Amino acid sequence: MSSHKLSNLEYLESEAIYVMREVAASFERPTLMFSGGKDSICLLRLAEKAFRPSDFPFPLLNVDTGHNFDELIEFRDRRAEELGAKLIVRTVEDAIAKGIATPTPGELSRNRLQIPTLLSAIDEFEFDCAIGGARRDEEKARAKERFFSLRDEFGQWEPRSQRPEPWNLYNTMVSPGQNMRCFPISNWTEMDVWEYIRREQLEIPAVYFSHEREVVRRGGQWLAVNDIAPVKDGETVETKNVRVRTVGDIISTGCIESEASTIGEIIHEISAARVTERGSRADDKVSESSMEDRKREGYF
Amino acid sequence: MSSTSTIEKNSAPAASESLHKMDLLRFTTAGSVDDGKSTLIGRMLYDSKSIFEDQLEALERSAEITGGGEVNLANLTDGLRAEREQGITIDVAYRYFATPRRRFIIADTPGHAQYTRNMVTGASTANLALILVDARKGVSEQSKRHAYLASLLRIPHVVVCINKMDLVDFSEERYEQVRDEFMSFVPRLGLPDVTFIPVSALQGDNVVDPSENMDWYRGATLLGHLETVYIGSDFNLSEFRMPVQWVNRPGKDEFHDFRGFSGQITGGVVKVGDPVVVLPSGHRSRVKEIHTYDGNLEEAGCPRSVTLRLEDEIDITRGDVIVGEDRLPIVAQQHIAEICWMNDQPLALRKKYMLRQGTSTVQAMVSSIDHRIDMKDLGELEDPTELKLNDIGRIQFKTSKPLVYDSYRRNRMMGSFILIDPATHDTVAAGMLKEPENRMPVSVLAGPEDFVI
Ligand SMILES: Nc1nc2c(ncn2[C@@H]2O[C@H](COP(=O)(O)OP(=O)(O)O)[C@@H](O)[C@H]2O)c(=O)[nH]1
């Protein structure tokens, strides 16, 4: 009997599959948010495990900041096609043009502008549930996030009114105007994600591996040289071997110096790492509560 | 650089090779305010090197802001801003850490009397409950309450950390007093496995490293215990159960005949060829295939998620339960349960709630409240008029359709449920089903003739 005991990864996988199937069974119009990043790459594999040989019971949705690492878009489109999944892309650019998203003067990063773009896509397609790849270990404010997290009409998250989730009994009810965010890999850590990528031999975009890149030092981290936030006076461009731990808006995604060019080496590096993953995103550094503020506004 | 790259195989360094084969311990923490729970967790994360540089940096920044200037380990785990403002934790927060031996998920729940609700939530998925007691104060009402909840939720293992030993001169005598005081009410609760550890969360004694101040203590450190406590049999592995979540029907030519029943196994083990019964309908069949994305399995056990295909064409939908032939579950419409009320709006008798158990959702109506637990002395108050937020009590209720379940005592996954208010959609209660007073026979429709087991 003891041979049936699941390992950590098997347990987390089974839990995530269970949660995905709850979405399929309980919602009329779900979607899965696919960014091309490593967490959502895992989500796609979990969806295969949950639903094959059937097609995915939902389209994929990408909110495109337009501030991307080049290969990410190519990867995103190709992966969706390989899986035979429908991919919906809504861009921040478009949302700005339509007046749905308004940048504040001087605001270059588009991480915040993803929020209205996402909400308007949810409206447009009448999605009642959006599956995302957020994990509770990413940040303190996320530690209390639920598997099924209710949002009001403004996409807001109210920490005090979240539903208790005892056992694996999820309350998936939504009232008109509300919708749900669902996080099947809530209990995964960054390390679990990498272990899973290795175990499942998942392809990931090349920015995650060590590569040579021109970078500048800004806000305490190495940022990729890009056209959107050009190099300023007094900054020096250096060429370094770097990789990213998380992909977001290119102008605020910190690169870390690294020689890791295989999944195994990345895992090795992370086991020895001294900076949490979110620490490499500039926008979270602003205040310890910044994630909480963005969540209240509807960021995931 | 190339536009994409594929992963490398077999390039893993030895250090992390074993991680995905490690098992997982889920534990919940409880303690009264100021017993040192946040400090203890912070210490565990800190000493096991699970804190990262930027987290420390943020801690140091907030130490400057709040004055004092000293890094407060408790801040590592105090989550939301509202809580920081009030200086208390108000919700369940989950933390993650790993050692070379095991992976851990902590459900960190606040210590307030009024937050029984959160403790129940945190305890519901735990293998182990960690209870903190302040060595100076001894066993408080709160500690008893926590022990009671651990027994109510049937957490298999309990660890009692007698904390702040530095403030009682690391006295063995004081430790024994507190331990005996705690042990005096354990028999009444029927906790199966209770371990005591004297610690100083603040100074680190016996948290990760053995204490130099308490050489009279020969047991494991807290982390040592968490790493080695046996959790192999914490799931029910004897009676096969699988509530059907989703019916997999591809509707494509190549999978024309494919009809699979997807779900997570919530009890026991299933093998290809096993006879099974579908409840509540009572239809019988055999397992034709245990389908997974990674290939078909010969057998699978709890808590794996699988897709079963059966030999016979039977009408099966979400909410049905596929079970093994021997030891059938309870199938009933009249039930007894202990519940924890989780909503500001008290329980209303004869009101229609929605009930979620396994994968089925039905209507439920509470006919009576047998008793309410007096959280002060854990006695039972007979015939209470209501159950309010954070109250625990025993109820009798009916459901609009039969439920298929085991008593919570036998199987935590099969015997638990939540109640949902149909108007607000709030989750208003968490419940644990008991064996009904008169267990009715379950009808099973056999091939040729009907019979009853
Ligand atoms: N002397 C001493 N103080 C402690 C110990 N553990 C916690 N404390 C202090 O007790 C107070 C409450 O601790 P905290 O962790 O915030 O308690 P919580 O409310 O249970 O989370 C803080 O001032 C801690 O520094 C200990 O082992 N020894």
>> Any residue that is under 29 Å from A:His268 (Cα atoms), open to solvent by less than 10 Å² (accessible area, probe 1.4 Å) and among the small types (Gly, Ala, Ser) - is there at least one of those in the range A:146-169?
In response: no
> For the range B:214-231, does any single residue satisfy the condition of being within 16 Å of the ligand (Cβ to nearest atom), farther than 30 Å from B:Glu311 by Cβ, away from chain A (no Cβ under 14 Å) and not hydrophobic (A, V, I, L, M, F, W, C)?
Replying inline: yes
> Which ones in the range B:279-322 are open to solvent by less than 10 Å² (accessible area, probe 1.4 Å), touching a residue at least 60 places away in the same chain (Cβ under 8 Å) and within 14 Å of chain A (Cβ to nearest Cβ)?
Replying inline: B:Gly301, B:Cys302, B:Pro303, B:Val306, B:Leu308, B:Ile316
>> I'm told A:Pro184 meets every condition in (1) more than 25 Å from B:Gly358 (Cβ to Cβ); (2) open to solvent by less than 10 Å² (accessible area, probe 1.4 Å); (3) more than 8 Å from chain B (Cβ to nearest Cβ) except one. Can you identify the failing condition by its number?
In response: (1)
> Looking only at the range A:68-83, which residues are touching a helix residue (DSSP H, G or I) at 6+ places or on another chain (Cβ under 8 Å) and more than 9 Å from chain B (Cβ to nearest Cβ)?
Replying inline: A:Phe69, A:Leu72, A:Arg79, A:Leu83
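Within the range A:125-135, which residues are of a type outside the set (Val, Ile, Thr) and either open to solvent by 10 Å² or more (accessible area, probe 1.4 Å) or more than 9 Å from chain B (Cβ to nearest Cβ) (or both)?
Selection gives A:Phe125, A:Glu126, A:Phe127, A:Asp128, A:Cys129, A:Ala130, A:Gly132, A:Gly133, A:Ala134.
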>> What's the total number of residues in the range B:338-366 that are closer than 21 Å to A:Gln162 by Cβ and part of a strand (DSSP E or B)?
In response: 8
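Of all residues in the range B:165-197, how many are of a type outside the set (Ser, Thr, Tyr), open to solvent by less than 40 Å² (accessible area, probe 1.4 Å) and within 16 Å of the ligand (Cβ to nearest atom)?
The number of residues fulfilling the criteria is 7.
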>> If I filter the range A:48-61 for residues that are within 10 Å of chain B (Cβ to nearest Cβ), more than 16 Å from the chain's Cα centre (by Cα) and surrounded by 23 or more Cβ atoms within 10 Å (Cβ to Cβ), do I get at least one hit?
In response: yes
> Do you know which residues across the range A:84-112 are farther than 14 Å from A:Leu61 by Cβ, in a loop (DSSP other than H, G, I, E, B) and touching a strand residue (DSSP E or B) at 6+ places or on another chain (Cβ under 9 Å)?
Replying inline: A:Asn111
>> What pairs come out if I take residues in the range A:225-250 that are more than 30 Å from A:Val193 (Cα to Cα) and pair them with residues that are open to solvent by 80 Å² or more (accessible area, probe 1.4 Å) whose C-beta lies under 6 Å away, six or more apart or interchain?
In response: A:Ala229/A:Leu108; A:Val237/A:Glu214
> Has the range B:86-105 got at least one residue that is within 14 Å of the ligand (Cβ to nearest atom), at negative phi, modelled with pLDDT of 80 or more and not in a loop (DSSP other than H, G, I, E, B)?
Replying inline: yes
>> Criterion first (of a type outside the set (Phe, Trp, Tyr) and open to solvent by less than 50 Å² (accessible area, probe 1.4 Å)) does A:Ala97 satisfy it?
In response: no
> Given B:Ile418, B:Ile369, B:Ile395, which one is free of Cβ contacts under 8 Å to residues at least 60 places away in the same chain, in a strand (DSSP E or B) and surrounded by 23 or more Cβ atoms within 10 Å (Cβ to Cβ)?
Replying inline: B:Ile395
>> If I ask for residues that are within 16 Å of the ligand (Cβ to nearest atom) and touching a Leu at 6+ places or on another chain (Cβ under 9 Å), which ones from the range B:123-140 would you list?
In response: B:Ala129, B:Leu130, B:Leu132, B:Asp134, B:Ala135, B:Arg136
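The values are calculated or read from the model by the stated rules, or taken from the named source; none is laboratory data. Note that the coordinates shown come from a computational prediction; the quantities given were computed from them, not determined experimentally. Every residue, glycine as well, gets a Cβ built from its backbone with ideal geometry; the counts of neighbours run over all protein chains shown. Heavy atoms of the whole protein, side chains included, go into the accessibility calculation; ligands, DNA and RNA do not. Shrake-Rupley method; radii C 1.70, N 1.55, O 1.52, S 1.80 Å.
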